[in-house]
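Below: one structure, written as structure tokens.
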Amino acid sequence: MSQIIENYAYGVTREWKCNGQLVIIQTQGGTSNEAIDVWADLAIQTLKEMPEEGAFFFIDDLSHPDTNLTPYGAKRSRDILNAAPLHREKFYIATVIAHSFVNRLAKILISPFLSFRTKVEHVLFTSRIEADEWIAECMEREGISQDVQKEA
């Protein structure tokens, strides 16, 4: 299957898989405003570039141990959410955050609202393995051939 990996400043990568139906954006923990802008702008660009037809799967991996929540990061997260086509059907987003007490609490509090009043399925994870498994299940449900490699 086709796979393209792109590298950006501050250790941000974007990986296209499954003939462009799955994209994975991963950060290396930069929390400066500039690093957050690279991640957020890339996520918004990705949403604009996703195919108009068919199912689309997006893993936003923010689980690097050096990634911390900042007010600026929260603002840019809202920018990304506002750019997402929330009424599009067959759109699956897995956001992965670091496994910590604060993030587990955020997952419990925020998760019920991620897909509220949208057709998008958006789930927050504290494990990349669980996010990969969920995306694989969604792809199987949509009849999409998978080339997602499970990480050990």
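The values are calculated or read from the model by the stated rules, or taken from the named source; none is laboratory data. These numbers come from a predicted model, not from an experiment. Note: ideal-geometry Cβ built from the backbone for every residue, glycine included; neighbour counts use all protein chains shown.
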**Hits in region 12-34 (condition: crowded, with 16+ Cβ neighbours inside 10 Å, under 16 Å from the mean Cα position of the chain (by Cα) and in contact (Cβ under 8 Å) with a residue 24 or more places away in the chain)** = VAL12, ARG14, LYS17, CYS18, GLN21, LEU22, VAL23, ILE24, ILE25, GLN26, THR27
**Lone unmet requirement of (1) at pLDDT 90 or above; (2) part of a loop (DSSP other than H, G, I, E, B); (3) basic (Lys, Arg) for ARG141** = (2)
**Request:** Kindly establish whether ALA55 is within 19 Å of TRP134 (Cβ to Cβ), among the aliphatic types (A, V, I, L, M) and more than 14 Å from the chain's Cα centre (by Cα).
**Result:** yes
**Request:** Could you check, for region 121-131, whether at least one of its residues is out of contact with any Cys (no Cβ under 8 Å at 6 or more places or on another chain), exposed (fewer than 12 other Cβ atoms within 10 Å of the Cβ) and either over 19 Å from ILE44 (Cβ atoms) or modelled with pLDDT of 80 or more (or both)?
**Result:** no
**Failed criterion for GLU53 (all others in (1) at pLDDT 90 or above; (2) out of contact with any helix residue (DSSP H, G or I) (no Cβ under 9 Å at 6 or more places or on another chain) hold)** = (1)
**Asked** Can you name every residue in region 70-85 that is in a loop (DSSP other than H, G, I, E, B) and loosely packed, with under 15 Cβ neighbours inside 10 Å?
**Response** THR70
**Complete:** Inside region 25-48, the number of residues satisfying the requirement of being over 17 Å from VAL120 (Cα atoms) and at pLDDT 90 or above is 16
**Fill in**
Inside region 1-17, the number of residues satisfying the requirement of being modelled with pLDDT under 90 and either closer than 19 Å to VAL96 by Cα or in contact with a Phe, Trp or Tyr (Cβ under 9 Å, 6 or more places away or on another chain) (or both) is 3
**Prompt:** If you go through region 94-114, how many residues are at pLDDT 55 or above and of a type in the set (Ser, Thr, Tyr)?
**Reply:** 2
**Prompt:** Quick one: ILE5 ticks every box in (1) among the aliphatic types (A, V, I, L, M); (2) under 25 Å from GLN146 (Cα atoms); (3) surrounded by 15 or more Cβ atoms within 10 Å (Cβ to Cβ) bar one, so which box is it?
**Reply:** (3)
